[in-house]
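Working notes, beginning with the structure itself.
Throughout, read-outs are computed from the coordinates displayed, never taken from laboratory work. None of the values given here were measured: they were computed from a predicted structure. Counting neighbours? That spans all protein chains shown, and the Cβs are built from the backbone with ideal geometry, glycine included.
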Amino acid sequence: MLNRVALIVRYRAPFVAWVNEVDEDGMELNLEDANDDNQVYLLDPEDADAVEEWLDLNHELLFENELEAWCEDEALWPDSLDRDTFDQWFAVEVHSVIYDVGSGPIFDDEDDEDDEDEDDYEDD
């Protein structure tokens, strides 16, 4: 069992309406399909007991991550990324029991990119 809790962000109707508005492909997304595969954020266990306070401090980061996953053009993002808008656009689930049943090591693929960048500088 990992010493983390999982915070899952689920989309609500206003978010899906926004995706459909900014999507240039013209494919209509529905709420069920949008929530077919959600992002999961791992938090420290002590944050699970105060998730509302954690969200007060971190909702903008989550909001930006979720928006960017669907649309990288920040000019098309909503004007307000405040907590009230976050709560209207997203539902949050917290799961406190996480088992790692994989056989390979856990790694952050972004760390690998950082290491590659550092290697580039070391060669100079």
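Basic side chains Lys and Arg get +1 at the Cβ, acidic Asp and Glu get -1 at the Cβ, and with that the dipole of segment 5-123 about its Cα centre reaches some 1280 debye. Using the average count of surrounding beta-carbon atoms within 10 Å as a protection proxy, the listed peptides 5-14, 41-50 rank, highest first, as 5-14, 41-50.
With a 10 Å radius around each residue's Cβ, average the other Cβ atoms per peptide and rank 22-28, 54-60, highest first.
Ranking the peptides 22-28, 54-60 by packing returns 54-60, 22-28.
What value, in deg cm²/dmol to 500, does the helix sum -39500 (n - 2.57) over DSSP H runs of n ≥ 4 give at 222 nm once divided by the residues of the chain? Mind dumping the intermediate values first?
Values: 6 runs with 60 residues, N = 124.
The per-residue figure over the chain is -14000 deg cm²/dmol.
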